[in-house]
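A quick write-up on the structure given underneath.
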Amino acid sequence: MSLAKVSELITARREEYLDMLFTLLRQKSISAQNVGIAETAEMLKEMMEDIGIKTRLIPTAGNPVIYGEIIKDPEAFTLLLYGHYDVQPQDPLEEWLSPPFEPTIRDGKIFCRGVGDNKGQLMAQVLAIKTYLDAFGSLPINIKMVFEGEEEKGSVNLPDFVSENKELLKADLVYTSDGPMHESGAPFVLLGVRGMLYVELNCKITNSDNHSGNKGNIVPNPVWKIFDLLQTMRDENGHILIKGFYDNIRKPTDFELELIKKLPFDREQVAKQLGYPDLDMDGETYYRKLCLEPTFNIAGLHSGYGGEGSKTIIPAKAMLKMDIRLVVDQDPEDIYQKFCEHVKRVAPDIEVSHLGSMKPSRTSADLPVVKVVTEAVREAYAVEPILQPSLGGSLPDYVWTKILGLPSVVVPYANFDEANHSPNENMEIEKFFSGIKCTCHVINKLAERF
């Protein structure tokens with residue numbers, strides 16, 4: 001089938017498709033605050049049903065999953081599309097240049113909370129199905145869709161949902177559009193994600209703050225106690241000293257290392273985009289650290305006085321939050337136990353809390369289906385896509401690769417500077433329409449080859 005009809009329809013329907021996207025964007029769906037979740041799920045369900053997708057809401061222990069399908073032939077190739085309809089809170093509100101839940105176009109971009117992460121990319125998938133159906137009358141493969149409402153909370157109920165619905169979710173490939181494209185503007189084909197462990201450390205010394213002169217050298221400072229603990233966990237070169245931390249990391253294949261070497265890298269451009277002019281590394285080091293190595297990040301530290309002027313106190317307590325990115329085949333629960341054992345041995349008076357986790361995942365770059373998707377993306381964008389072994393961030397990709405045992409690829413449709421999770425989140429208008437076209441190309445190419 002010629003995909004020229006697809007391009008013609010997308011061009012003719014630009015305003016219609018933007019209106020549908022804007023309707024979804026205006027509906028708040030903040031999972032962290034349980035704002036608008038049920039309303040958004042029902043709205044998206046109705047949109048999908050209007051297109052001709054058989055859709056239902058499936059309850060979970062948390063927010064409902066929207067499941068949709070068009071089954072051409074039970075024996076045909078089945079593509080499962082994943083996305084999420086929940087978004088981050090809009091804070092800090094004062095930094096938005098336009099209302100966070102009113103889609104606003106400036107400089108060729110749509111500014112709105114959730115437009116890049118993930119409603120714009122999700123709607124590109126949904127509208128690709130509509131476009132393909134209207135262009136050709138039917139789909140050449142089976143399509144299943146899973147859109148969850150808790151990704152921004154760590155997808156806490158998605159593993160159980162997938163485990164309980166293995167037969168329903170049977171497929172040949174999982175395809176996700178989330179995250180930003182490469183900083184060069186080239187499309188990505190990502191074959192995995194890093195996992196994550198989120199922990200909190202709490203140290204309480206006294207019931208209230210003390211005078212730093214009258215009680216200085218007498219009452220211990222909880223911030224120093226946490227600092228002293230951290231010094232035993234990581235050396236000056238960034239190597240993590242927790243016993244067994246690196247034990248289960250899967251060695252990258254020669255092919256994956258070759259992919260890393262070929263990835264484009266402009267140090268000055270990346271430094272500018274990061275706002276970090278002192279960036280000093282070559283491309284191979286940059287991507288190895290981003291894709292193939294774990295992190296040990298301090299996300300927040302709260303203690304004592306942080307207001308204007310001075311206040312001479314010894315804080316009563318200190319709290320530190322950490323997100324630890326993990327690579328294949330590190331297990332977040334195993335790392336958490338090792339983390340706790342280290343704290344218990346070195347600083348037993350510091351309390352550790354488990355705030356969340358997500359397992360890492362990886363799909364082999366050698367699979368034929370990966371090569372077919374890469375070819376489809378190349379044709380859709382008329383640009384050579386960047387094949388990367390892993391995304392630096394975390395998505396619940398492991399539910400597909402580990403629980404269902406399926407290959408899974410992530411092809412982001414949003415621009416590199418989408419500012420997801422930040423004020424003034426945005427998506428380039430043309431990236432939205434290119435995403436619709438790309439999904440159509442993927443469907444068509446999979447039908448040709450399988």
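Report Rg/Rh for the stretch 77-120, rounded to two decimals, where Rg is the Cα radius of gyration and Rh the Kirkwood radius.
1.12
Which semi-axis lengths, in whole Å and largest first, follow from the square roots of five times the eigenvalues of the Cα gyration tensor of the stretch 297-375?
41, 19, 7
Return the single residue from S353, S310, S98 with maximal mean-square fluctuation; model: Gaussian network over the chain, springs between Cα atoms under 10 Å.
Between S353, S310, S98, it is S310 that shows the largest mean-square fluctuation.
I need the semi-axes of the equivalent ellipsoid of the stretch 291-340: take the C-alpha gyration tensor, multiply each eigenvalue by 5, square-root it, list largest first in whole angstrom.
So the equivalent ellipsoid measures 34, 13, 5 Å along its semi-axes.
Quick one: Debye curve from the alpha-carbon atoms of the stretch 250-407 only, equal weights, vacuum; give me log10 I(q)/I(0) at q = 0.12, 0.14, 0.15 Å⁻¹ to two decimals.
One equal scatterer on each Cα of the stretch 250-407 leads to -0.76, -0.94, -1.03.
Could you tell me how many cubic angstrom of Cα convex hull volume the stretch 41-123 has per residue?
128 Å³
By DSSP, what percent of the beta bridges with both residues in the chain are antiparallel, rounded to the nearest 5?
Here the share of antiparallel DSSP bridges comes out near 70 percent.
Considering all projection directions equally, how large on average is the shadow of the alpha-carbon convex hull of the stretch 150-255, in square nanometres?
It is 13.9 nm².
Expressed as a rounded percentage, what relative contact order does the chain have, with Cα pairs under 8 Å and six or more residues apart?
26 percent
What is the extension gain from Y276 to A382, computed as 0.36 nm multiplied by their sequence separation minus the C-alpha to C-alpha distance, in nm to one decimal?
35.0 nm
For K311 and D160, FRET efficiency with R0 = 45 Å and r from the beta-carbon atoms, rounded to 0.05?
Working from the Cβ atoms, E equals 0.40.
So what is the 222 nm mean residue ellipticity for the chain from helices alone, if each DSSP H run of at least 4 adds -39500 (n - 2.57) and you divide by all residues, rounding to the nearest 500 deg cm²/dmol?
That comes out to -10000 deg cm²/dmol.
With r as the distance between the Cβ atoms of C340 and A12 and R0 = 60 Å, compute the FRET efficiency 1/(1 + (r/R0)^6) and round to 0.05.
For R0 = 60 Å, the calculated efficiency reads 0.55.
How many nm is it between the label spots at K243 and T23, if each spot is 7 Å from the Cα in line with the beta carbon?
6.1 nm
Against the globular-protein guess of 2.2 N^0.38 Å, express the Cα radius of gyration of the chain as a ratio, rounded to two decimals.
1.05
For the pair Q269/Q33, report the inter-label distance in nm, with labels modelled 7 Å from Cα in the Cβ direction.
3.7 nm
When only alpha-carbon atoms count, how far does the stretch 14-82 stretch along each of its three principal axes, as whole angstroms with the largest first?
Projected onto its principal axes, the Cα set of the stretch 14-82 covers 42, 38, 16 Å.
Once you have the Cα-Cα distance between E46 and D228, take 0.36 nm times their residue separation minus that, and quote the gain in nm to one decimal.
Gain in length upon complete extension: 60.0 nm.
Testing the spin-label approximation: label points 7 Å from Cα along Cα→Cβ at F450 and E351. State their distance in nm.
Here the modelled spin labels are 4.9 nm apart.
Stretch S212-K261 to full length: gain in nm at 0.36 nm per residue minus the Cα-Cα span?
Full-extension gain reported as 12.3 nm.
Determine the distance separating the Cα centre of the stretch 389-413 from the Cα centre of the stretch 40-110; give it in Å without decimals.
Value for the Cα centre distance between the two parts: 18 Å.
Placing +1 at every Lys and Arg Cβ and -1 at every Asp and Glu Cβ, with all other atoms neutral, what dipole size does the chain have around its Cα centre, in debye to the nearest 20?
Value, rounded to 20: 580 debye.
In debye, nearest 20: dipole of the stretch 218-365 around its Cα centre with unit charges on the Cβ of K, R (+) and D, E (-)?
The dipole magnitude comes to about 320 debye.
Return, for the Cα atoms of the stretch 336-420, the radius of gyration and Dmax in Å, separated by a comma.
That works out to 18.8, 59 Å for Rg and Dmax.
Convex hull over the Cα atoms of the stretch 89-173, averaged projected area in nm²?
Mean projected area for the stretch 89-173: 8.1 nm², to one decimal.
Could you work out the relative contact order of the stretch 300-354? I mean the mean sequence separation of Cα pairs under 8 Å and 6+ apart, divided by the number of residues, in percent.
Contact order relative to length: 25 percent.
Using +1 at the C-beta of Lys and Arg and -1 at the C-beta of Asp and Glu, which of L229, L133, P64 has the Cα lying farthest in the positive direction of the dipole of the chain?
Result: L229.
Too long at a 29 Å Cα-Cα cut-off: which of K170/K243; K119/K261; K28/K130?
K170/K243; K119/K261
Readers should treat all values here as calculations from the given coordinates under stated rules, not as data from a laboratory. What you see is a predicted model; the values in this text were computed from it and never measured. No Cβ is skipped: glycine too gets one built from the backbone with ideal geometry, and neighbour counts run over all protein chains shown.
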